[in-house]
Amino acid sequence: MYALAERLYPICRSITGNGLRETLQILQDEIPLTLHEIPSGTAAFDWVVPREWNIRDAYVSNSNGEKIIDFQQHNLHVLNYSTPMKARMRLDELRPHLFSLPDMPDWIPHRTSYFNDNWGFCLTQRQLEAMPDDTYEVVIDSSLEPGALTYGELTIPGESDEQVLLFAHCCHPSLANDNLSGIAVVVELARILGESSPRFTYRCVFAPAAIGCITWLSQNLSELGKIKLGMVAALLGDSGELTYKKTSSGNALIDRASLHVLRHRNVPFHTVEFSPFGYDERQFASPGINIPVGRLTRTPNGAYPEYHTSADNMSLISPSALADSLSAYCAIFALIENNHVYQNNFPYCEPQLGKRGLYRTTGGHGNPEQRQMAILWVLNQANGQHDLLDIAERSGLKFETVAGAAVELVAAGVIRKV
Amino acid sequence: MYALAERLYPICRSITGNGLRETLQILQDEIPLTLHEIPSGTAAFDWVVPREWNIRDAYVSNSNGEKIIDFQQHNLHVLNYSTPMKARMRLDELRPHLFSLPDMPDWIPHRTSYFNDNWGFCLTQRQLEAMPDDTYEVVIDSSLEPGALTYGELTIPGESDEQVLLFAHCCHPSLANDNLSGIAVVVELARILGESSPRFTYRCVFAPAAIGCITWLSQNLSELGKIKLGMVAALLGDSGELTYKKTSSGNALIDRASLHVLRHRNVPFHTVEFSPFGYDERQFASPGINIPVGRLTRTPNGAYPEYHTSADNMSLISPSALADSLSAYCAIFALIENNHVYQNNFPYCEPQLGKRGLYRTTGGHGNPEQRQMAILWVLNQANGQHDLLDIAERSGLKFETVAGAAVELVAAGVIRKV
Amino acid sequence: MYALAERLYPICRSITGNGLRETLQILQDEIPLTLHEIPSGTAAFDWVVPREWNIRDAYVSNSNGEKIIDFQQHNLHVLNYSTPMKARMRLDELRPHLFSLPDMPDWIPHRTSYFNDNWGFCLTQRQLEAMPDDTYEVVIDSSLEPGALTYGELTIPGESDEQVLLFAHCCHPSLANDNLSGIAVVVELARILGESSPRFTYRCVFAPAAIGCITWLSQNLSELGKIKLGMVAALLGDSGELTYKKTSSGNALIDRASLHVLRHRNVPFHTVEFSPFGYDERQFASPGINIPVGRLTRTPNGAYPEYHTSADNMSLISPSALADSLSAYCAIFALIENNHVYQNNFPYCEPQLGKRGLYRTTGGHGNPEQRQMAILWVLNQANGQHDLLDIAERSGLKFETVAGAAVELVAAGVIRKV
């Protein structure tokens, strides 16, 4: 995962254009992703797919001809979606087009102007302060022309038509945690799911944030009823603890599954209530879409200083954090895959477990061990109403323990799957 | 408000009679109140409107002819609703008819005997202790005769037929906080509402406690279905903090609105669960009436030492406390007036706010400010189900912020009122 | 109760056999119990009534002919339900059939092998450690033959067909707290209920744990719909505090009644959430039976060191603990008996209480006393929906206070029983 992020890091992505396209093509080396090109001008609910943005070069040079801000040095240096520009101007004319971070003087901010024609440069506060009154040459060799918005999608077919959505935004230029980390985790999770004959059908979507998600939703509107739940994957490589942001209802299966897994991992984690700000969980939660989509990140957006700056680079993320994030994702979807509902074949009193090898034969002892308690709980709750996660939560046992008991009871013919 | 209370203070009110009538006539100088005279003997559910009580004079004089208890000095000196009396008697005969407060030796208690024919005098403990064995002349120049129970009512028409009830009891003689303060606040609130073209129709009722409220309800039984919610106004002039007593369900709109306002005033306040004791909220909460009526007081009944004594005088209440109470009432009813439900015209994903001037045009920043969060919350929740108060409570934002966002979104054509 | 337990203590009971039968016959000296004999081989849901076990003698003697483990000394010395045995063997052959408690070296454990043919001896750790390599004579003079499982039942008819179940397991040999204490309390409670013309019909069942309960349920399946609630009575003589284990729903009437009583006894108590382990509450909570049955013990099973050992003897239980347990049971069922629902005959506003002698006649005082508050609460809540326990819980008053107010209000014709 780290190597994939490293390969993608240098590319200048945006919500459209060749950087985005190239990124998705690289993912095709990893998983059988299908690329979709949605033409500029296509309506997407209240939005329209914008003109495609491509950039070749951009710089500001001083009167000595020295490039003092240079896109070739770092692709964050250009205001993302800058219109083409070629002019000479004084500092006071240039100044409104320069973006820096006074509080973090060595970092370049990430700034965009997707839907408002503008141009600009992002630079460190030190660079800005070192710029004397001078006449500067400003060059942005970009294009904003009819083209397409590109997104990638992989459907992993399951036994059931019911779908699970995994969404990673992939529009940011050289920002490692946001969101090469999320892309890498979903790629790896997709590979694992693809090898596992899953119960649910998984749809893994790699699209630009906001407009990309909105475009994907508008292109798939008639299909959305099949999506049972989903997860937005982002910010999964930093050293922070995992943070789960709940769906709007707060008690959807994806919430219950994620929180059960996080509670039983024995490492600290955080929970955030839903709010209609953040990543694309806000689109899925809009009143007309209304799909329960959670979000599992490490440190959330805006909560770490390197967020949306040049300091969100490959040193901010680590293979071990990515692996830890992946393991949590795997556990959550394993739980969802195995979360069946059962019916007790012997609903009147407890069945005789001893004769089936499911209970100790000598009586009179104290409290039974967890496996035996799990067997008793599954029998007690197997009325065709409670799923195994309900039973795990109620009993205080781990999902795996309860699911293991259910497997034993099915094998003994005592319960059946509903 | 203080001046009105001062004007009303000297009058000897009761649940019927000229003092009550004069009080309501004085209110007619302030607001266009209609007075209703319900004849003695009129049935009011399980009750009957009693004979009208009027009093001209009352005293106890000693064998030297000195008036040692004198109604002319303080109208609390007579047991309210005392039957006429003229007799000479020894102290031991008089003693069962004397009421004092041993623990508060300088205060005269307020005592009544509305539905049980009796006579008596209230006096300070010091007065009582100073009374030697003697033969006393007892005079109560009162009348209990067929007449009427008087109440006043003002209906402020609104856009909607749905009604809001404001109730202030006005039966107490010279007690300032209980309830000249409540009368004054409702008078002022009625004046403000009357100038505001409100959405709801407001019914402001000034009636004696208990029997007056019961009589008003029995006279208006067929109309009660229109009353959506209400508030009992009492004890609003003392220096204590505001105290909201919930309706029986505890989560009616009047509860939610009052608690939201109180929580966001940034001064301490208290909440009391419903109980069927106190003021006339108990009548509104009776099983056959069942209207959600809250009660907003400062220090509640029985919780301050001056309660129902001569120390509840004009020095117990202050203009600033009355003004503070009025401001809370205004905020609560402003909230209720503005608490609309909206439908999102663009329910699929977020609408494009930037092109409507509702969102910053440069992207990449951290968390948005409250106005922007309010806009996102209203959009997310505008599904025709949640009122603005729901949205304010869920988002943690102030109602005004959320309502302001709704106004902007309506102006932009993004949402519509349901 | 203590004397009855003392009489029953020496008998070697099991889930079938003469010890069980004799125990129930002794109970017939106390209450008019009916004994039922269910033949071996009778199906009971997934189970079958086992062969009847009887034992006359059992011992292990050493090569000197000395009995070193002797059933005549303590009936716990034999593994309950041991098959007949007569053999000579070396210690290493005997060892797998010896059960002791290494951590509690002076106590004999209680061990059983009801459904798996086996034989064995239970002994103290000190006895075990004192056994040299030797050749031992092993004698178990028992029989396992077709017979019957015996249980006893007493039905106390009530005004209503609705039934309340009291269940005490009675299969354990010489264990005092588990469950001679439970048997003794239910016998005494049955005597008290039998003298009281109860509202509900009470079914008091004394049966072996697990298989006895299952057999009773299978014999009464068509009748179970009449059982509204129940209680498992066990472990009621030790010095620990009372512990109530909730039903599966946790808010059944038996839960609410028990917790109300326990909260108002002014002594510490414990509450345990339902789990499908423990005593026969687990059978009643199985998905096909699903009767709300609580369990009131003192220290629960497995939570005291003497549990299922020879130290659970007559010195572990006391008359005062038994009496305290009985008083709690009596209070709980008195509450259930008196927990009526009422309808207010005067639902519009408060009725005039003063004229009915239900309210003080002089007005103006502070807060009323509990009796008056109970009257107001009952009137307010008497809408045919809330039972008295609801009203007690909501008002914070004791059930007895609220029930007393209801009696007064019925007498005055103000409310009526629904």
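Here B:Asp387 passes the criteria (1) buried (at least 22 other Cβ atoms within 10 Å of the Cβ); (2) under 34 Å from the mean Cα position of the chain (by Cα) except the one numbered (1). Report the residue count in segment B:281-301 for those that are closer than 24 Å to B:Tyr2 by Cβ and assigned to a loop (DSSP other than H, G, I, E, B). The total comes to 4.
Each row is one residue, and each column tells you yes or no for (1) modelled with pLDDT of 95 or more; (2) of a type outside the set (Val, Ile, Thr); (3) within 23 Å of B:Ile183 (Cα to Cα).
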| position | (1), (2), (3) |
| --- | --- |
| B:Lys246 | yes, yes, yes |
| B:Leu253 | yes, yes, no |
| B:Thr271 | yes, no, yes |
| B:Asp280 | yes, yes, yes |
| B:Gly288 | yes, yes, no |
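Under 29 Å from A:Phe346 (Cα atoms) and assigned to a strand (DSSP E or B), is that true of C:Ile38? So C:Ile38 passes the test. Of the residues making up segment C:203-222, those that are more than 10 Å from chain A (Cβ to nearest Cβ) and without any contact (Cβ under 8 Å) to a residue 60 or more places away in the chain are C:Arg203, C:Val205, C:Ala207, C:Asn220, C:Ser222. Here C:Leu236 meets each of (1) over 23 Å from A:Pro351 (Cα atoms); (2) surrounded by fewer than 24 Cβ atoms within 10 Å (Cβ to Cβ) with one exception, condition (2). Considering every residue within segment C:300-316, establish whether at least one is closer than 23 Å to C:Thr201 by Cβ, away from chain B (no Cβ under 14 Å) and touching a strand residue (DSSP E or B) at 6+ places or on another chain (Cβ under 6 Å). No - not one qualifying residue is present in segment C:300-316. The listed residues are A:Ala168, A:Ala209, A:Ala184, and the only one of them that is of a type in the set (Gly, Ala, Ser) and assigned to a helix (DSSP H, G or I) turns out to be A:Ala184. Tallying residues that are at pLDDT 95 or above and under 36 Å from the mean Cα position of the chain (by Cα) within segment B:350-374 yields 1. Inside segment B:48-89, residues that are within 14 Å of another protein chain (Cβ to nearest Cβ) and outside any strand (DSSP E or B) make up a count of 9. Of the numbered criteria (1) within 14 Å of B:Asp141 (Cα to Cα); (2) of a type in the set (D, E, K, R); (3) in contact with a helix residue (DSSP H, G or I) (Cβ under 8 Å, 6 or more places away or on another chain), the one B:Lys86 fails is (3).
With respect to (1) part of a loop (DSSP other than H, G, I, E, B); (2) within 14 Å of chain C (Cβ to nearest Cβ); (3) of a type outside the set (Asp, Glu); (4) out of contact with any Ser or Thr (no Cβ under 7 Å at 6 or more places or on another chain), the lone exception for B:Val267 is condition (2).
Please enumerate the residues belonging to segment B:271-291 that are away from every other protein chain (no Cβ under 11 Å), in contact (Cβ under 8 Å) with a residue 40 or more places away in the chain and either buried (at least 24 other Cβ atoms within 10 Å of the Cβ) or out of contact with any Gly (no Cβ under 8 Å at 6 or more places or on another chain) (or both). Result: B:Tyr279, single match. Quick one: would you say B:Ser320 is out of contact with any helix residue (DSSP H, G or I) (no Cβ under 8 Å at 6 or more places or on another chain), part of a helix (DSSP H, G or I) and in the same structural domain as B:Val272 (by TED's automatic domain parsing)? So B:Ser320 passes the test. Tell me, please, whether a residue that is β-branched (Val, Ile, Thr), closer than 21 Å to B:Thr150 by Cα and either surrounded by 15 or more Cβ atoms within 10 Å (Cβ to Cβ) or not assigned by TED's automatic domain parsing to the domain that holds B:Ala184 (or both) can be found in segment B:102-116. Scanning segment B:102-116 turns up at least one residue that is β-branched (Val, Ile, Thr), closer than 21 Å to B:Thr150 by Cα and either surrounded by 15 or more Cβ atoms within 10 Å (Cβ to Cβ) or not assigned by TED's automatic domain parsing to the domain that holds B:Ala184 (or both). Restricting A:Leu235, A:Leu259, A:Leu224 to residues that are in the same structural domain as A:Ile332 (by TED's automatic domain parsing), among the hydrophobic types (A, V, I, L, M, F, W, C), under 22 Å from A:Ile15 (Cα atoms) and at pLDDT 95 or above narrows the list to A:Leu235. Apart from one condition, C:Ile336 fits all of (1) away from every other protein chain (no Cβ under 14 Å); (2) in contact with a Gly (Cβ under 8 Å, 6 or more places away or on another chain); (3) of a type in the set (Val, Ile, Thr); the exception is (2).
Table: residues versus (1) within 21 Å of C:Ser82 (Cα to Cα); (2) touching a Gly at 6+ places or on another chain (Cβ under 8 Å).
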residue	(1), (2)
C:Pro109	yes, yes
C:Thr112	yes, yes
C:Asp117	yes, no
C:Thr124	yes, no
C:Leu149	yes, yes
C:Gly158	no, no
C:Glu162	no, no
C:His172	yes, no
C:Asn177	no, yes
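For C:Pro368, the conditions (1) facing another protein chain (nearest Cβ under 7 Å); (2) buried (at least 19 other Cβ atoms within 10 Å of the Cβ) all hold with the exception of (2).
Looking across segment B:237-251 at every residue that is more than 14 Å from chain C (Cβ to nearest Cβ), closer than 30 Å to B:Pro319 by Cβ and in a loop (DSSP other than H, G, I, E, B), the one that is nearest to the chain's Cα centre (by Cα) is identified as B:Gly237. The set of residues in segment A:40-49 being surrounded by fewer than 19 Cβ atoms within 10 Å (Cβ to Cβ), in contact (Cβ under 8 Å) with a residue 24 or more places away in the chain and on the phi < 0 side of the Ramachandran plot consists of A:Ser40, A:Thr42, A:Ala43. The residue of segment B:252-264 that is nearest to the other protein chains (Cβ to nearest Cβ), among those that are outside any loop (DSSP other than H, G, I, E, B) and among the aliphatic types (A, V, I, L, M), is B:Ile254.
Tell me, yes or no, whether segment A:3-17 has at least one residue that is in contact with a helix residue (DSSP H, G or I) (Cβ under 8 Å, 6 or more places away or on another chain), acidic (Asp, Glu), in the same structural domain as A:Val185 (by TED's automatic domain parsing) and under 24 Å from A:Asp238 (Cβ atoms). Checking segment A:3-17: not a single residue is in contact with a helix residue (DSSP H, G or I) (Cβ under 8 Å, 6 or more places away or on another chain), acidic (Asp, Glu), in the same structural domain as A:Val185 (by TED's automatic domain parsing) and under 24 Å from A:Asp238 (Cβ atoms). For segment C:90-120, the set of residues classified as in a strand (DSSP E or B) and within 19 Å of C:Phe71 (Cβ to Cβ) consists of C:Leu98, C:Phe99, C:Pro109, C:Thr112, listed by residue number.
Residue check: A:Met104 meets all listed conditions (1) within 14 Å of another protein chain (Cβ to nearest Cβ); (2) farther than 19 Å from A:Ala176 by Cα but one, namely (2).
The values are calculated or read from the model by the stated rules, or taken from the named source; none is laboratory data. These figures come from a predicted structure and were not determined experimentally. Neighbour counts are summed over all protein chains in view; Cβ atoms, including those assigned to glycine, are modelled from backbone coordinates with ideal geometry.
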